[in-house]
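Contents: one structure, followed by commentary.
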Amino acid sequence: LAAMAAAIDTDDEDFTDRQSQCCSMMSQQISYERTLNNYDLRRYLLQLGHVVLWLSGIAWIVGLFPYTRWLQVYILQQPIVLGVILGTTLVIKCSGVLIDRVLEKWANRESLTPEAIQRWRLRTSSFSPILKGIIGVHLAGLALLFVLASFNIPLAPVLAGAGILGFAISLGSQTLVKDL
């Protein structure tokens, strides 16, 4: 019996060691993903700066010549749609970095025990992609509505069709959940 009790104790110790190793590996992975998100945001800002410089340079050059000045107005008005798309992408990336920071602060609050902090870190690794996806879809939808409005496409039929499509998807998913 003593040998069995000792074996159980070593199994418990092995389990806690493995659990702590798994949690530390998850923490490292989350920190690497956050670092990659920060670098991705910086790279995107640089690319956005390049696009703005090129468009403004082209508009300036076209405005120098009398026969192409009419193109300058066109070049400066059309990039508004491009700016909305690029700006929306920028806001989505910034919100992803902000969500990571807020969830990290929330998981590492001082009122929690070390075991609870590990559990919250695992939970935040699940919450983070969900929140990023929800915010991304909403911002992309708003940008799409703005772009459609800038092309003088009536929004009422588009929104009505989206509502009907959403209702059909909800009914279909309800049946799918019942079947599962």
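The values are calculated or read from the model by the stated rules, or taken from the named source; none is laboratory data. Bear in mind that the values here come from a model prediction, so they are computed numbers and not experimental data. Positions of Cβ are backbone-derived with ideal geometry, glycine not excepted, and every protein chain shown enters the neighbour counts. What goes into the accessible areas is simple: the full protein's heavy atoms, side chains included, and nothing from ligands, DNA or RNA. Shrake-Rupley method; radii C 1.70, N 1.55, O 1.52, S 1.80 Å.
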Notebook entry, point to check: Are there GluC sites (Glu not before Pro) in the stretch 94-180 that DSSP puts in a loop and that have at most 10 other Cβ atoms within 10 Å, and which ones?
Noted result: GLU110
Item checked: Computed lengthening from THR68 to LYS105, 0.36 nm per intervening residue step minus Cα-Cα distance -> 7.9 nm
Checklist line | Heavy atoms of ASP17 accessible to a 1.4 Å probe, total area in Å² rounded to 10 | finding: 80 Å²
Notebook entry, point to check: Nearest 20 debye, what's the magnitude of the dipole of the stretch 43-180 about its Cα centre given +1 on Lys and Arg Cβ and -1 on Asp and Glu Cβ?
Noted result: 200 debye
Note to self: How charged is the neighbourhood of LYS93? Take every other residue with its Cβ under 15 Å from the Cβ of LYS93, and add Lys/Arg as +1 and Asp/Glu as -1.
What the structure shows: +2
Margin query: Between GLN21 and LEU171, what is the label-point separation in nm under the 7 Å Cα-to-beta-carbon projection?
Written below: 5.4 nm
Checklist line | the stretch 96-114-the stretch 61-82 distance, computed between alpha-carbon centres (Å) | finding: 48 Å
Next item on the list: Can you find, among GLY83, LEU98, GLN21, the residue farthest towards the positive end of the dipole of the chain? Put +1 on the C-beta of Lys and Arg, -1 on that of Asp and Glu.
Entry: GLY83
Item checked: Sequence of PHE167, PHE146 when ordered by accessible area, the most exposed leading, probe 1.4 angstrom -> PHE167, PHE146
Notebook entry, point to check: Residue farthest toward the positive end of the dipole of the chain, with Cβ of Lys/Arg at +1 and Asp/Glu at -1: which of GLY163, THR175, ILE134?
Noted result: GLY163
Notebook entry, point to check: Which order do VAL158, VAL81 take when ranked by solvent-accessible area (1.4 Å probe, heavy atoms of all protein chains), largest first?
Noted result: VAL158, VAL81
Next item on the list: Would you tell me the accessible area of TYR74, worked out with a 1.4 angstrom probe on the heavy atoms of the protein chains, in Å² to the nearest 10?
Entry: 130 Å²
Next item on the list: Kindly state, to the nearest 0.05, the FRET efficiency for THR35 paired with LEU139, given R0 = 22 Å and r defined as their beta-carbon distance.
Entry: 0.40
